[in-house]
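Report on the following structure.
The values are calculated or read from the model by the stated rules, or taken from the named source; none is laboratory data. Computed from a predicted structure; not experimentally measured. All Cβ positions, glycine included, derive from the backbone under ideal geometry; neighbour counts span all protein chains shown. What goes into the accessible areas is simple: the full protein's heavy atoms, side chains included, and nothing from ligands, DNA or RNA. Shrake-Rupley method; radii C 1.70, N 1.55, O 1.52, S 1.80 Å.
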Amino acid sequence: MNVVVVPGNDGGGALRSEGGETSAVPDLAAAVREREAGSGGPPRWVWADTREVYPALLGRGVRISRCHDLVLTEGLLLAREGRYGEPRSARAAHARLHGLPVPEDHHAPEARQATLFDEEPPPLDAELVAEVHADQLRRIEALPDPHRFRLLVAAESAGALIAAEMGHDGMPWRRSEHDALLLEMLGPRPVPGLRPVKLQALADQVAAVFGTSFNPDSSQQIIKVFKAAGVTVSSARAHELRKVEHPGVAPLLAYKELARFHSFHGWAWADQWVRDDRFRPEFVVAGVVTGRWATSGGGALQIHKAMRRAVVADDGWTLVVADAAQLEPRVLAAMAGDGGLARAAGQIDLYQALAQAFGGERDHAKIAMLSAMYGGTSGDAPKLLAVMRQRFPEAYRFVEDAARAGEEGKLVRSWLGRTCPPPSARWRELVSGPEGGRAARDRGRFTRNFVVQATAAEWALVLMAVLRGLLPDPARLVFFQHDEVMVHCPAELADEVVAAVGRAAEQATRLLFGATPVRFPMQAVAVRCYADAK
């Protein structure tokens, strides 16, 4: 039985059953726990925004099986309807449904600023939530392939649950190991306002080479000091500095790398994001237009490789780490229905299986596949793409069609129906001007990759949703990054979790692509420390 949940300001709320009956509950967490354990099986909870409801339930020890997130679903539907970027809150959806003024989303920075001193809106009522939900279901059923889009909505909503649970449970993080690593790389923790000693030593070395003191954190001062030395640099970015022959480049690049590490994963970062030996980032489901996740704090998707030493399982527990090998080319093979590429994707090493078609060179096969998916044209790419066009015509045509659609200003969609943003007004101005060809090609490269990357993100999301349901208690998903997952579990459950990862990969593949010869291997290993997984 579907149930609509409407949270109250005091922890209470209202539950509306599928039959339309609404009942007030003084303790929402207790009511949800009771319904989850009911004899009829757990319901699919329907609520406005998982981020606003689920963390409080988790804090009360309540976990749910599945939900329908109105905000995420509205965003998917709006994009599908060519209205990408319009407000997607439940209130906005309800206003559109009734032809009323549409309020801005409060999670947007400008909306938060505008409402900073406004009164908080009253709690949503069950009627509004139920009406928006019913309208979303109607719009989904009206799509050409509602089955796929329903899977996308279910996976996206499951992702919201998983993101909240990851933030609640946290990734095991040994602060003592982190501090030891910082001491090794940077020296003792400095007083506020000063650089760590090893960072300062590099700054002094750079100043000595140039014969003058300057702030190596300032791009303008870097450009200025190079100019004074008779060297013109277009920017202070590392890739630009590497093109320059000057004795100051090496120590400056070393300084920039260490300074970035200090800024992104230093003591202040740990003070904010590591609590009780747990790293607790804020994941943002579909934070990227392709459906990939982002973070609004903590930088979980950019953990420095050196920091993996600090990710250590609790005593008696282990980390099961798994990643999908060569995910995007396998996705392309499954979507395009290219027999030759699909046969190669039935092997563990897809690129090695393709090598024979490219003169026996595995690297050539990899360059060809990446160039096809990302629009590469430099080096050997054109020659290798010609081979791909001849040997794997369906796969080549699939991405070329997506690129052509993008160049023409059209929308493209993932396998399940996620829709790319429309071209901007500025793009339309550019394509009608002297730089039109370049602007069109840039958008073509975006849409070429969108259809593959967005579908890869869907496969990973379905994988996680399935895996979440297969994990034995108390094993928990604690980390996700594009095509990699991490589970924290008691050591005696490691083999069961490794097997669950394999089953989840098989089920995700079957749910998306049905019967396909393409394999999506998930190489799972049980380790004590994250650094040992690679």
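Modelling each spin label as a point 7 Å along the Cα-to-Cβ direction, I'd like the V525/A201 distance in nm, to one decimal.
Distance between the two pseudo-spin positions: 3.2 nm.
Got a number for the accessible area of F446? Probe 1.4 Å, square angstrom, nearest 10.
Approximately 70 Å² for this residue.
Describe numerically, in nm with one decimal, the distance between label points set 7 Å from Cα along Cα→Cβ at K243 and at E429.
Taking the two extended label points, one gets 2.8 nm.
Just how large is the dipole of the chain about the Cα centre, in debye to the nearest 20, putting +1 at every Lys and Arg Cβ and -1 at every Asp and Glu Cβ?
For this selection, approximately 1800 debye.
Report, as a whole number in µm² per second, the diffusion coefficient that Stokes-Einstein gives for the stretch 347-405 at 20 °C and 1.002 mPa s using the Kirkwood radius over alpha carbon pairs.
In µm²/s, the coefficient is 188.
How many times 2.2 N^0.38 Å is the alpha carbon radius of gyration of the stretch 428-534?
1.49
Convex hull volume of the Cα atoms in the stretch 184-323, per residue, in Å³?
166 Å³
For the stretch 170-226, what relative contact order do you get, as a whole percent, if you take Cα pairs closer than 8 Å and at least 6 residues apart?
Contact order relative to length: 16 percent.
Quick one: P(r) of the chain from all Cα-Cα pairs, 20 Å bins, percents rounded to integers, in order of increasing distance.
For the chain, the pair-distance distribution reads 18, 48, 32, 3.
Please work out how much accessible surface V289 shows to a 1.4 Å probe, ignoring ligands, DNA and RNA, in Å² rounded to 10.
50 Å²
For the peptides 78-85, 142-149, what is the packing order when you average, over each peptide's residues, the other Cβ atoms within 10 Å and list the highest mean first?
Peptide ranking by packing, descending: 78-85, 142-149.
Largest first, how would R51, R174 line up by accessible area (1.4 Å probe)?
Highest to lowest solvent-accessible surface, that is R51, R174.
With viscosity set to 1.002 mPa s and temperature to 20 °C, compute the Stokes-Einstein D of the stretch 375-462, Rh being the Kirkwood radius across alpha carbon pairs; µm²/s, no decimals.
D = 154 µm²/s.
Using just the helices of the chain, give the 222 nm mean residue ellipticity in deg cm²/dmol: DSSP H runs with n ≥ 4 each add -39,500 (n - 2.57), and the total is spread over all residues, rounded to 500.
It comes out at -16000 deg cm²/dmol, rounded to the nearest 500.
May I ask for the distance between the Cα centers of the stretch 464-502 and the stretch 320-356, given as a whole number of Å?
Distance between centres, Cα-based: 23 Å.
With a point put 7 Å past each Cα toward its Cβ, work out how far D532 is from D169 in nm, to one decimal.
Placing both labels 7 Å along Cα→Cβ, they lie 2.0 nm apart.
Given contacts defined as C-alpha pairs under 8 Å and at least six residues apart, what's the relative contact order of the chain, whole-number percent?
Here the relative contact order equals 15 percent.
For the stretch 363-418, which GluC sites (Glu not before Pro) pass both filters: DSSP loop (anything but H, G, I, E, B) and at most 13 other C-beta atoms within 10 Å?
Passing sites in the stretch 363-418 are E408.
How are the C-alpha pair distances of the stretch 228-269 spread across 5 Å bins, as whole percents from the shortest bin up?
All Cα pairs, binned at 5 Å, distribute as 5, 21, 27, 19, 13, 9, 4, 2 percent.
Roughly how many whole Å is it from the C-alpha centroid of the stretch 191-267 to that of the stretch 39-65?
Between the Cα centres of the stretch 191-267 and the stretch 39-65 lies a distance of 49 Å.
What FRET efficiency do you get for D217 and R138 if R0 is 56 Å and r is their Cβ-Cβ distance, rounded to the nearest 0.05?
0.55
Would you mind getting me the FRET efficiency between Q481 and A228? Use the beta-carbon distance for r and R0 = 51 Å, nearest 0.05.
Calculated value: 0.75.
For an R0 of 22 angstrom, estimate the FRET efficiency from the Cβ-Cβ distance between Q347 and R404 and round to the nearest 0.05.
That pair, Q347 with R404, gives E of 0.10.
Relative to the compact globular guide of 2.2 N^0.38 Å, what is the alpha carbon radius of gyration of the stretch 146-212, as a ratio?
This ratio for the stretch 146-212 stands at 2.11.
Considering only protein heavy atoms, what is the solvent-accessible area of D27 at a probe of 1.4 Å, reported in Å² to the nearest 10?
That residue has around 50 Å² of solvent-accessible surface.
Starting from the Kirkwood radius over alpha-carbon pairs of the stretch 305-411, derive D by Stokes-Einstein at 37 °C in a medium of 0.692 mPa s and give it in µm² s⁻¹.
For these conditions, the coefficient is 210 µm²/s.
Are any of the pairs K383/K534; K198/K305; K256/K305 more than 23 Å apart by Cα-Cα distance, and if so, which?
K383/K534
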